[in-house]
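Participant: Questions regarding the structure given below will be posed in turn.
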């Protein structure tokens, strides 16, 4: 039968007929184009069969002309299911509400733990978390993912070396590592000052110890600069050499600059969308505006839905689509060279000590190849090249503080 299963969903009956005219009764239904199936003789004078609910009027009409008794022994299909559902509507509604409440409670924040922080830092972080929406009783749907929270807290706290963020069920765990405050300098034992890298001495200031170098001397790593042994040879005194030895050092850096660059700038226009994601299926629930941006960037964030301690294969998916403009910038060789020099200088400044000073810049090599300008640049830098090296006396010394 064509579309039999579809019609079964619309409602069908199991009918039992009894009497002498059963065969003629069934033939009458067939002539009236009533679809019947599963015809079975269950007793000598009784037959059962199934039919569609829509054909009941033909059945009632045929009963008037035949001596049979008709009983409906089973009802099935969507109409009867819906009828039973209406009878239990209160129970069903209560179950749906209960499930909804459990889902909400499973996705709330019930506890926030902060470990490794001093009371002052913990109080500060607690207030910052409230600004970010992380508070007891808040919903996880509406706050950032743990990685984003970690990044924002790190940017907001310069006195923190590292902060870990972990979400377990309905509890946020924060592990804080504070920056160590410098401890008071301990009294040092006898020591020399030696060179930590190649340099040409340009100036020095010795507070304690005996300098063994002069201005314009070239020194190598490990070479003695200031001796911690003073006094006569037969009566040496050991001191903790102290001072600053300034030398000219050299830093090489290689930089490449594209002569033709393409970059993106955001216009500020954006469209936000929210969807429920079930497996690989995404069902939009908010943000149906059509995106007509010629160039765009798309950012997605998913928040998993939890039920008690389990993570369901359902998530709230938030999508932000931003409009961008594509710009092109072409440099001539001189402009590219100036840009490359600024990049090179910035790289060197990041690698040298804070108190060091760049005194000269030299371009060692310059070449244009494959649309790129390549520069090899060396920088002369004045910096303190001294480092401490403990003295291990050969015999009992006279130590002078």
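FYI, it's all coordinate maths here, none of it is from the lab. It should be emphasised that the depicted structure is a prediction, and the values quoted were computed from it without experimental measurement. When we count neighbours, we look across all protein chains shown, and the Cβ atoms used for this are built from the backbone with ideal geometry, even at glycine.
Participant: Taking the Cα centroid of segment 73-127 and of segment 216-287, what is the distance between the two, rounded to the nearest whole Å?
Facilitator: 50 Å
Participant: A further question on this structure: Would you work out the relative contact order for the chain, in percent, from Cα pairs under 8 angstrom that are 6 or more residues apart?
Facilitator: On the way: 733 pairs, mean separation 55.1, N = 401.
Result for the chain is 14 percent.
Participant: Given Cα positions, please report Rg to Rh for segment 265-326, the hydrodynamic radius being the Kirkwood one. Present the calculation step by step, with values, prior to reporting the outcome.
Facilitator: Values: Rg = 14.2 Å, Rh = 12.9 Å.
That ratio is 1.10, to two decimals.
Participant: Can I ask one more? Find the Cα radius of gyration of segment 111-178, compare it with 2.2 N^0.38 Å by division, and give the number to two decimals. Don't jump to the answer; show the numbers that get you there.
Facilitator: On the way: Rg = 10.9 Å, N = 68, 2.2 N^0.38 = 10.9 Å.
Cα-based Rg divided by the globular estimate yields 1.00.
Participant: First obtain the Kirkwood hydrodynamic radius of the chain from its Cα pairs, then insert it into the Stokes-Einstein equation at 25 °C and 0.890 mPa s, and state the resulting D in µm² per second as a whole number. Mind showing how you got there, number by number?
Facilitator: On the way: Rh = 32.0 Å.
Approximately 77 µm²/s, per Stokes-Einstein.
Participant: Compute the helix-to-body angle for 119-131: its Cα long axis versus the longest principal axis of the chain, expressed 0 to 90° and rounded to tens.
Facilitator: Roughly 50 degrees between the two axes.
Participant: In addition: May I ask for the angle, rounded to the nearest 10°, between helix 22-31 and the longest principal axis of the chain, with both axes built from Cα atoms and the value confined to 0 to 90°?
Facilitator: With rounding to tens, the tilt is 60 degrees.
Participant: For the pair residue 33 and residue 91, how long in nm is the line joining their label points, each one 7 Å along Cα→Cβ?
Facilitator: With each label point 7 Å from Cα toward Cβ, the separation is 4.2 nm.
Participant: How tilted is helix 146-156 with respect to the longest principal axis of the chain? Cα atoms for both, answer in degrees (0 to 90, nearest 10).
Facilitator: Taking the Cα atoms of the chain, the angle to 146-156 is about 30 degrees.
Participant: Let me ask something else about it. Per 0.36 nm of contour for each residue apart, how much would the distance between residue 136 and residue 168 grow if the chain were fully extended, relative to their Cα-Cα spacing?
Facilitator: Values: separation 32, 0.36 × 32 = 11.52 nm, distance 1.42 nm.
Going from the current span to full extension adds 10.1 nm.
Participant: Something else about it: Return the distance in nm (one decimal) between the two label points of a simple spin-label model at residue 71 and residue 364, each offset 7 Å from Cα along Cα→Cβ.
Facilitator: With each label point 7 Å from Cα toward Cβ, the separation is 10.6 nm.
Participant: With a ≥ b ≥ c the root eigenvalues of the C-alpha gyration tensor of segment 262-401, is it rounded (a/c under 1.5), prolate (a/b larger than b/c) or oblate?
Facilitator: Working: a/c = 4.61, a/b = 1.61, b/c = 2.86.
Note, shape of segment 262-401 comes out oblate.
Participant: Separate question: Just need the Rg to Rh number for segment 194-260, please, alpha carbons only, Kirkwood Rh.
Facilitator: 1.26
Participant: Okay, moving on. Where both residues lie in segment 111-178, what percent of DSSP beta bridges are antiparallel, nearest 5? Walk me through the numbers before you get to the answer.
Facilitator: Details: 8 of 13 bridges.
About 60 percent, rounded to the nearest 5.
Participant: Spin-label point model (7 Å from Cα, Cβ direction): what's the residue 392 to residue 288 distance in nm?
Facilitator: Going by the 7 Å Cα→Cβ label model, 8.2 nm.
Participant: How high is the relative contact order of segment 264-401, given as a whole-number percent (alpha carbon pairs under 8 Å, six or more residues apart)? Each step should come with its number before you reach the end.
Facilitator: Numbers: 181 pairs, mean separation 27.0, N = 138.
Taking the mean separation of contacting Cα pairs over the length of segment 264-401, I get 20 percent.
Participant: I've got another one for you. On the Cα set of segment 316-389, report Rg and Dmax in Å, please.
Facilitator: Both quantities, over Cα of segment 316-389: 19.6, 60 Å.
Participant: From largest to smallest, what semi-axes in whole angstrom does segment 130-222 give when each is the square root of 5 times an eigenvalue of its alpha carbon gyration tensor? Can you show the working numbers first?
Facilitator: Working: eigenvalues 571, 50, 24 Å².
Equivalent ellipsoid semi-axes, largest first: 53, 16, 11 Å.
Participant: Which distance in Å, rounded to a whole number, links the C-alpha centroids of segment 322-387 and segment 188-209?
Facilitator: Answer, in whole Å: 31.
Participant: To continue, here is another question. Counting pairs of alpha carbon atoms under 8 Å apart in space and at least six apart in sequence, what relative contact order in percent does segment 265-326 give? Each step should come with its number before you reach the end.
Facilitator: On the way: 121 pairs, mean separation 28.9, N = 62.
Value for segment 265-326: 47 percent.
Participant: Set the Förster distance to 60 Å, then compute FRET efficiency between residue 180 and residue 328 from the Cβ-Cβ distance, nearest 0.05. Display every interim value, and only then the final one.
Facilitator: Numbers: r = 48 Å, r/R0 = 0.80.
Step by step, r from the Cβ atoms, then E = 0.80.
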